[in-house]
Number of protein chains: 2
Amino acid sequence: MTTRDHGDPGDAPTIAPPLTAVTHPARPSAAEEARTVAAATFTATLATLSSDGAPWASLVTYGLLDGNPVLCVSTMAEHGRNLLRDNRASMSIVAPGAPEDPLANTRITLAGTVHRPGDADLPAAREAHLAAVPAARYYIDYGDFTVWQLTVERVRWVGGYGRMDSATGAEYSSAAPDPVVTNADGAVRHLNDDHAQALLAMAQRLGGYPDATDARCERADRYGLDIRVNTPRGWAVTRVGYVAPLDSVDELRHATVQLARLAKEA
Amino acid sequence: MTTRDHGDPGDAPTIAPPLTAVTHPARPSAAEEARTVAAATFTATLATLSSDGAPWASLVTYGLLDGNPVLCVSTMAEHGRNLLRDNRASMSIVAPGAPEDPLANTRITLAGTVHRPGDADLPAAREAHLAAVPAARYYIDYGDFTVWQLTVERVRWVGGYGRMDSATGAEYSSAAPDPVVTNADGAVRHLNDDHAQALLAMAQRLGGYPDATDARCERADRYGLDIRVNTPRGWAVTRVGYVAPLDSVDELRHATVQLARLAKEA
C-alpha cells in the first residue's frame, strides 16, 4: 500500500531499514487516512477551472455529508462562477497542527465533480455545512451563494515524506474517519513521557529494530502506533500494530499495555 | 479599489457606515497586499491540470524571486507531471496567523504559467527556493525534481469579508511587500494596550465615526491603521492614513504620534 517516491535519500539523514520482520504492520488505508483528514478540519483549497480552462486555486470552507465535502460559495467569487460553468473540482486539505516542515505534514487531494443537492437533499447538505461553518448562517441564504456537494471520485493521500497512496471514490465512501488519531494527543504524550522503555522494547522486539537506542511514539491510530527510532545506522519510523483494531480512544490504554506485554514476551 | 461583494448583510451583525468623511483613507493596493501575503509564508496550494483537463489541488512549498513563486516539485507527484504537460497553474496563499474564522483571513490567488529557468537563471531560482525551504536541499538535486518559476499574470486578493480586489501581473511585479504589516504586531498591541483614547479620537475625528464608543487597532501597514470601532449603530472597521507612507516599522511610532495630534486638533 504505502510507497516511497524516491530511492536513496543521498545527503539527507539516513533512514535505516528494519533488521527483522515487523510483527504486525497494520495501518489505516489511504481511504481511511483521507476520511480522517477531511473530518479533522473545515478549511481547504479548492481547484476549479477558469473560463479559459486554466486552473484556479482558492480558499474555501466545507462541511461533510457522508465524507463528501459540502461547499457554500458565491457566484460573486471566481470559484463560484467556475463551478457553475464546469463542475470538475478538487480540494486539497491539510491536516491541522502543521509541523515546522509543511511537507512532513499529512494532506489529501479529493477530486471529482460538484453537484447542487436536489430539494430533498438540500436540507441535509445545508446542515452539514452549517455544522462545520457556523458563520455561514450569515450568508448561506443569499441569492448569490450556492451549496455544492463534491462527489469524490479520486483520492490522493500524502502522509509526509515518502508515505503516500491513492484510493478510489468507492474506497473513500466506504471508509470511516479514524476514531483514535485525532483524540490521542494526550495518550501519546503519556506514552512518551512515562513509558519510553516500553516503547523501545516494542520497537526492538515487534517493530524490526533490535538495535534501536531510543523510541518515541509519533502517532496512535485505530490500528497501531507509529514509533520513531534512532539506531546507530540512522533513524526510522516503524509500525507496531495492536492485537485488534480499536473503535475508540478509550481502548488505547488496554491495547498499548497488551503491546508492552507482547514485547516483553517476544 | 476595495469592493464589497454583498449588499445588506441581513441578519449578520450590522456594519455601520461612517457618518462623516474619512480624512485620509490611504491603504495598500491589491498588488501590494498580494506581495505582502506571498512574502509572509512559504506554503501554498497549487492548482494544476490533470491529464483529462480537470483541476488538481495540492500542497506545495515555494520561495520568491522578485515576487514570482519558485517551486520544486517531483514528477513522481501528480502536480509535477501536470506542469510538464500543461504549464498553466495558480497558487492560493493564505496569510499566516489565521483567525478563528478562516474566511475573515487574508488570502490571495496568483495565476499564470510556470517556466523552467534557463541555465543562466537556474542558480538564482534554486537559491530563492532554498532560502525559503531549507529542507529542499535534501531533494532539489534529484533527477525527478523540477524547479519551476510561476510568471504571475493575474492576481486576486481577498482581505477578509467584503474586502477584495484584483491586480494585473504587471501591477504585482512592480509592487513591493509592505515593510510594516508583518513587523507591527508589538506596536499594534502597544497602541491597543496603552493608547486606546488616542485611537478612539482618531476614529471619531479622522475615521468618520464621531459616535464611536471604543476603538481598537486591527492592523498597521505602511499607509495607515485599520481601526475597528463600536458605535450605537453597530460595528465597523475604518481607516486612518498616516501623513506620509512609511518605509520601515521604525517610523510607526512617529506616524501614530502625528495622527494622535491631528485627531486632537481636528
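The values are calculated or read from the model by the stated rules, or taken from the named source; none is laboratory data. In this text the structure is predicted, and so the values were computed from the model without any measurement. Ideal geometry is used to build each Cβ from the backbone, glycine not excepted, and the neighbour counts take in all protein chains shown. For the accessible areas, the whole protein counts, side chains as well, though only heavy atoms, and no ligand, DNA or RNA atoms are used. Shrake-Rupley method; radii C 1.70, N 1.55, O 1.52, S 1.80 Å.
What number of residues within region A:96-118 are at pLDDT 95 or above and more than 17 Å from B:Ala77 (Cβ to Cβ)? Count: 7.
Among the basic types (Lys, Arg), closer than 21 Å to B:Leu103 by Cβ and either in contact with a His (Cβ under 7 Å, 6 or more places away or on another chain) or in contact (Cβ under 8 Å) with a residue 24 or more places away in the chain (or both) - does that describe any residue in region A:92-110? Yes, because at least one residue in region A:92-110 is among the basic types (Lys, Arg), closer than 21 Å to B:Leu103 by Cβ and either in contact with a His (Cβ under 7 Å, 6 or more places away or on another chain) or in contact (Cβ under 8 Å) with a residue 24 or more places away in the chain (or both).
Taking the listed residues B:Thr61, B:Thr41, the one that is surrounded by fewer than 20 Cβ atoms within 10 Å (Cβ to Cβ), modelled with pLDDT of 95 or more and hydroxyl-bearing (Ser, Thr, Tyr) is B:Thr41, with no other qualifying. When A:Ala120, A:Ala111 are checked against the criterion of being touching a strand residue (DSSP E or B) at 6+ places or on another chain (Cβ under 6 Å) and either more than 9 Å from chain B (Cβ to nearest Cβ) or crowded, with 20+ Cβ neighbours inside 10 Å (or both), A:Ala111 stands alone in meeting it.
Report whether or not A:Val229 is modelled with pLDDT under 95 and not in a loop (DSSP other than H, G, I, E, B). In short, no. If the condition is being in contact with a helix residue (DSSP H, G or I) (Cβ under 6 Å, 6 or more places away or on another chain) and crowded, with 18+ Cβ neighbours inside 10 Å, then region A:165-180 contributes A:Ala167, A:Tyr172, A:Ala175, A:Pro177, A:Asp178, A:Val180. Could you tell me whether region A:96-105 includes any residue that is at positive phi and at the interface with chain B (Cβ under 10 Å from one of its Cβ atoms)? The answer is no; no qualifying residue exists. The requirement of being part of a helix (DSSP H, G or I), open to solvent by 20 Å² or more (accessible area, probe 1.4 Å) and free of Cβ contacts under 8 Å to residues at least 60 places away in the same chain is satisfied by A:Arg189. Going by the conditions given, is A:Val237 open to solvent by 30 Å² or more (accessible area, probe 1.4 Å), among the β-branched types (Val, Ile, Thr) and not in a strand (DSSP E or B)? Here the answer is no, as A:Val237 does not meet what is asked. Take A:Gly67 and tell me if it is at positive phi and open to solvent by 10 Å² or more (accessible area, probe 1.4 Å). No. Tell me, yes or no, whether region B:177-186 has at least one residue that is polar (S, T, N, Q) and in contact (Cβ under 8 Å) with a residue 40 or more places away in the chain. Looking for residues that are polar (S, T, N, Q) and in contact (Cβ under 8 Å) with a residue 40 or more places away in the chain, one finds at least one in region B:177-186, hence yes.
Considered as a group, the residues in region A:70-88 that are over 23 Å from B:Gly159 (Cα atoms) and within 13 Å of chain B (Cβ to nearest Cβ) include one that is farthest from the chain's Cα centre (by Cα), and that residue is A:Arg85.
The residues in region B:209-225 that are within 27 Å of B:Val37 (Cβ to Cβ), buried (at least 21 other Cβ atoms within 10 Å of the Cβ) and not basic (Lys, Arg) can be counted, and the count is 7. Here is the figure for region B:128-164: residues that are open to solvent by 30 Å² or more (accessible area, probe 1.4 Å) and not in a helix (DSSP H, G or I) total 11. If you filter region A:45-69 down to residues that are in contact (Cβ under 8 Å) with a residue 60 or more places away in the chain and in a strand (DSSP E or B), you find that the one that is nearest to the other protein chains (Cβ to nearest Cβ) is A:Thr61. Are any residues in region B:127-147 of a type in the set (D, E, K, R) and closer than 19 Å to B:Asn87 by Cα, and if so, which ones? Result: B:Asp144, single match. Filtered by the rule that a residue be surrounded by fewer than 22 Cβ atoms within 10 Å (Cβ to Cβ) and within 14 Å of chain A (Cβ to nearest Cβ), region B:14-38 gives B:Thr14, B:Ile15. Which of the residues that make up region A:242-256 are among the small types (Gly, Ala, Ser) and surrounded by fewer than 20 Cβ atoms within 10 Å (Cβ to Cβ)? Selection gives A:Ala244, A:Ser248. If I ask for residues that are under 30 Å from A:Gly160 (Cα atoms) and in contact with a Leu (Cβ under 6 Å, 6 or more places away or on another chain), which ones from region A:95-147 would you list? Scanning region A:95-147 gives A:Arg107, A:Gly112, A:Val114, A:Ala128.
Report yes if A:His79 is crowded, with 20+ Cβ neighbours inside 10 Å, touching a helix residue (DSSP H, G or I) at 6+ places or on another chain (Cβ under 7 Å), touching a residue at least 24 places away in the same chain (Cβ under 8 Å) and in a helix (DSSP H, G or I), otherwise no. So A:His79 fails the test.
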